[in-house]
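To keep things clear, I will list the structure first and then write my remarks on it.
Each value in this text was obtained by applying a stated rule to the coordinates, not by laboratory testing. Source: prediction; values computed, not measured. Neighbour counts are summed over all protein chains in view; Cβ atoms, including those assigned to glycine, are modelled from backbone coordinates with ideal geometry.
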Amino acid sequence: MMSGMYYTHTDSPIGRLRLVGRPGVITGLYVADHDKCPPADPAWIEDASVFTDALRQLGEYFAGQRTDFDLEVELAGTPFQATVWQALTTIPFGETSSYGEIAEAIGRPGSSRAVGAANGRNPVSIVVPCHRVIGADGSLTGYGWGTDRKTWLLEHERRSAQGRLPLS
């Protein structure tokens with residue numbers, strides 16, 4: 001059990017989300033009703049006020065008004081996973097990258113399967129945009145929350161990004 005941990009829930013277009021963390025730090029962002037969402041620890045305290053900034057930024061993101069997040073995150077994982085998760089944050093809003101391209105970017109060509117595994121263990125989805133990673137052929141390969149949610153997120157970002165382009 002981790003003491004000093006907080007959580008809250010918020011509704012979103014892709015389902016009810018659970019945020020987990022400490023004051024000023026997000027350690028988890030999950031779809032609450034999905035089987036990959038860890039259960040709330042009995043020692044955690046439910047308190048939305050701990051997540052005021054995160055909730056505001058998520059609201060702006062889903063409203064198409066935010067393209068990146070300015071939140072302190074703490075990601076628990078292996079050094080390889082941390083490297084992959086950091087690389088995910090470099091994929092521009094409204095764009096995608098393949099597992100192989102991420103493997104190349106982190107200096108581990110040929111490790112696209114390991115990149116996929118690390119991508120699937122991302123504990124702060126959306127903020128660390130694992131949904132922006134696709135197959136080399138452009139297909140929407142697996143996504144921990146389901147390809148329907150991945151499709152929604154990618155289409156949302158593309159629509160939002162197009163809305164920000166200057167009119168010609």
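For this structure, a couple of remarks:
- In this entry, residue 50 is excluded by the filter for residues that are in contact (Cβ under 8 Å) with a residue 60 or more places away in the chain and aliphatic (A, V, I, L, M).
- The residues of region 9-49 that are part of a loop (DSSP other than H, G, I, E, B), loosely packed, with under 14 Cβ neighbours inside 10 Å and not hydrophobic (A, V, I, L, M, F, W, C), listed by number, are 11, 13, 23, 24, 33, 35, 36, 38, 39, 41, 42, 47.
- Within region 50-66, one or more residues are in contact with a helix residue (DSSP H, G or I) (Cβ under 7 Å, 6 or more places away or on another chain), of a type in the set (D, E, K, R) and in a loop (DSSP other than H, G, I, E, B).
- Any hit, region 69-87, residues being among the small types (Gly, Ala, Ser) and in a loop (DSSP other than H, G, I, E, B): yes
- Note on region 102-129: residues that are crowded, with 18+ Cβ neighbours inside 10 Å and either free of Cβ contacts under 8 Å to residues at least 12 places away in the same chain or at positive phi (or both) total 2.
- Here is the figure for region 130-152: residues that are part of a loop (DSSP other than H, G, I, E, B) and buried (at least 17 other Cβ atoms within 10 Å of the Cβ) total 3.
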